[in-house]
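The values are calculated or read from the model by the stated rules, or taken from the named source; none is laboratory data. All values reported here derive from a predicted model rather than from experimental measurement. Cβ coordinates were reconstructed from backbone atoms using ideal geometry, including for glycine residues, and neighbour counts include every protein chain displayed. Protein only, heavy atoms only, side chains kept; ligands, DNA and RNA dropped before computing areas. Shrake-Rupley method; radii C 1.70, N 1.55, O 1.52, S 1.80 Å.
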Amino acid sequence: MARWARRLVENAAGEFYVDDTCIDCATCRVVAPASFGATTRGLSYVHAQPQDAAERRRALMALVACPTASIGTAGCAPAHEGVAAFPEPLQDGVFYCGFASEATFGASSYLIAREGGNVMVDVPRPAAPLVRRIAEMGGLDRLVLSHRDDVAGHGRWHDRFGCARVMHAADATGDLRAVEQRIEGDDPVALAPDLLAIPVPGHTKGSLALLYRETFLFTGDHLMGTEDGRGLHASRGVCWYSWTEQVRSLRRLLDYRFEWVLPGHGGRYRAPSAAAMRAELERLIAAVA
Ligand code: SF4
């Protein structure tokens, strides 16, 4: 729970604040950019207090999503409005789960609600309200794990819903050996007619992207949007396996059609069309290669 006595001096005066336990995962800046920004010393802070009910709701969502409970309110406002907002619908049955986990350094996770069985991508905190809501939505058929970093707590979701965990074999070490489906090699694997698992080695050897309905690409930490949502980004600074392989994997994504990039860390990016996404991906590849 955030503590008023440990609030950052940079916070704008008012109801919301961030304290010094922030780990700079950027979740609040993605969820509520009108209220949260980055300090020059690697923490988030309240750069502007919410100006209306919509901004206050986003700030409460950031409070709930924060993996370290580093966001507080001066009056200890009840967070139920933020809790009830998750899973947050994005488009066409795709939801952002919120409730980020400190064990995944605040990675984003997503829910795909679909007739053939719901799919979760990466792992949120198993908070009771989120588990209950997902149960009401039909539970989980599959849990796709993008890479070894963003999967802490996968067993809790598997045990609750009996979902099959899907992961690339190269990252399925330690307790991840227990996953039910391992993807081998570099070739894409159709999990269903609308779901394609695409190996994207680079950030880790077993990084895996998931393409849904040729529209939504879930990318783990392979590819992300910039925090301002204006373009794509790939981070050499957090490439743990091979930057050469990561750039090669970025090039392979040019073979696919998609309009959204939904990452584990970093901003989401939605292009106005698949052609525009391709052009932005080509720009990124030229910049980083
Ligand atoms: S969500 Fe929490 S931990 Fe992450 S940057 Fe914001 S305040 Fe810091």
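Just a few scattered comments:
- Residues satisfying the stated conditions in region 64-78, i.e. more than 8 Å from the ligand (Cβ to nearest atom) and surrounded by 18 or more Cβ atoms within 10 Å (Cβ to Cβ): Val64, Gly72, Thr73
- Among the residues listed as Ala32, Ala59, the single one being within 10 Å of the ligand (Cβ to nearest atom) and either over 19 Å from the mean Cα position of the chain (by Cα) or among the hydrophobic types (A, V, I, L, M, F, W, C) (or both): Ala32
- Residues (part of a helix (DSSP H, G or I), free of Cβ contacts under 8 Å to residues at least 12 places away in the same chain and either of a type in the set (Gly, Ala, Ser) or crowded, with 20+ Cβ neighbours inside 10 Å (or both)) located in region 233-275: Ala275
- Residue match in region 39-48 (condition: aromatic (Phe, Trp, Tyr) and either open to solvent by less than 10 Å² (accessible area, probe 1.4 Å) or more than 11 Å from the ligand (Cβ to nearest atom) (or both)): no
- Criterion violated by Glu227 - all others in (1) surrounded by fewer than 18 Cβ atoms within 10 Å (Cβ to Cβ); (2) in contact with a Ser or Thr (Cβ under 7 Å, 6 or more places away or on another chain) satisfied: (2)
- Within region 12-36, considering residues that are free of Cβ contacts under 8 Å to residues at least 60 places away in the same chain and surrounded by fewer than 19 Cβ atoms within 10 Å (Cβ to Cβ), the one nearest to Leu90 (Cα to Cα): Ala34
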